[in-house]
1. Please go through the range 50-74 and give me each residue that is touching a residue at least 12 places away in the same chain (Cβ under 8 Å) and in a loop (DSSP other than H, G, I, E, B), ordered by number.
2. If you scan the range 107-153, which residues turn out to be surrounded by 13 or more Cβ atoms within 10 Å (Cβ to Cβ) and polar (S, T, N, Q)?
3. How about the range 94-112: which of its residues are out of contact with any helix residue (DSSP H, G or I) (no Cβ under 8 Å at 6 or more places or on another chain) and in contact (Cβ under 8 Å) with a residue 24 or more places away in the chain?
4. Taking the condition surrounded by fewer than 14 Cβ atoms within 10 Å (Cβ to Cβ), assigned to a loop (DSSP other than H, G, I, E, B) and modelled with pLDDT under 95, does ARG47 pass?
5. Being in a strand (DSSP E or B) and surrounded by 14 or more Cβ atoms within 10 Å (Cβ to Cβ) is the filter here; which residues of the range 18-36 pass it?
6. Out of the residues in the range 95-153 that are modelled with pLDDT of 85 or more and part of a loop (DSSP other than H, G, I, E, B), which is nearest to THR72 (Cα to Cα)?
7. Please enumerate the residues belonging to the range 17-49 that are more than 12 Å from GLN92 (Cβ to Cβ), within 16 Å of the chain's Cα centre (by Cα) and without any contact (Cβ under 8 Å) to a residue 40 or more places away in the chain.
Amino acid sequence: MRCPFCAHDDSQVKDSRPSDDGAAIRRRRQCAACGARFTTFERIQLRDLTVVKSGDRRQPFDREKLLRSVATACRKRPITPVQVERLVSGIQRQLETTGESETPSQRIGELVMEGLRGLDPVAYIRFASVYKDFREAKDFEDFAGNVGEAGRE
């Protein structure tokens with residue numbers, strides 16, 4: 001593993017343990033050249049996923065991009081980083097186990113919406129505002145009204 005501080009190619013694993021959500025192995029490493037310590041995470045990847053975006057553009061699935069967008073929706077909400085990590089890991093697992101190598105971006109958005117709906121209504125509305133491209137206050141009002149009505153059923 002390349003050292004992020006000096007770019008030396010050799011580092012030694014000092015400690016390994018499962019991550020908080022159990023979906024990865026957390027490894028503490030030490031660079032053989034500069035002695036700096038850093039952490040890496042190792043995850044299981046069942047297959048390479050490709051996201052089909054609008055206009056039939058294709059790009060590789062980026063777990064970190066998904067994690068950032070979910071974390072942004074959950075910012076300043078009573079949601080722990082472990083909950084966000086579990087949600088993203090669950091979505092990635094669902095996508096990998098479908099047997100398909102290509103997934104429409106709309107499907108990923110729907111899975112995030114499902115997960116956030118059960119996690120936090122404010123994070124759900126925040127994500128929806130970007131995903132559904134709200135243009136004016138009325139869009140928020142209509143959507144939030146539907147969220148409130150669904151919660152009363």
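1. From the range 50-74, those touching a residue at least 12 places away in the same chain (Cβ under 8 Å) are 50-54, 58, 60-61, 63, 66-67, 69-74; that's our starting set.
Of everything in the range 50-74, those that are touching a residue at least 12 places away in the same chain (Cβ under 8 Å) and in a loop (DSSP other than H, G, I, E, B) turn out to be LYS53, PHE61.
2. SER129
3. Hits for the range 94-112 are GLU96, THR97, SER101, GLU102, PRO104.
4. Details: surrounded by fewer than 14 Cβ atoms within 10 Å (Cβ to Cβ): yes; assigned to a loop (DSSP other than H, G, I, E, B): yes; modelled with pLDDT under 95: yes.
For ARG47, the condition - surrounded by fewer than 14 Cβ atoms within 10 Å (Cβ to Cβ), assigned to a loop (DSSP other than H, G, I, E, B) and modelled with pLDDT under 95 - is met.
5. Initially, the range 18-36 is screened for residues in a strand (DSSP E or B), giving 18, 24-31.
Within the range 18-36, ALA24, ILE25, ARG26, ARG27, ARG28, ARG29, GLN30, CYS31 meet the criteria.
6. The extreme case among them is ASP120.
7. GLY22, PHE41, GLU42
The values are calculated or read from the model by the stated rules, or taken from the named source; none is laboratory data. Given the structure is predicted, the values throughout are model-derived calculations rather than measurements. FYI the Cβ positions are ideal-geometry reconstructions off the backbone, even for glycines, and counts take in every protein chain you see.
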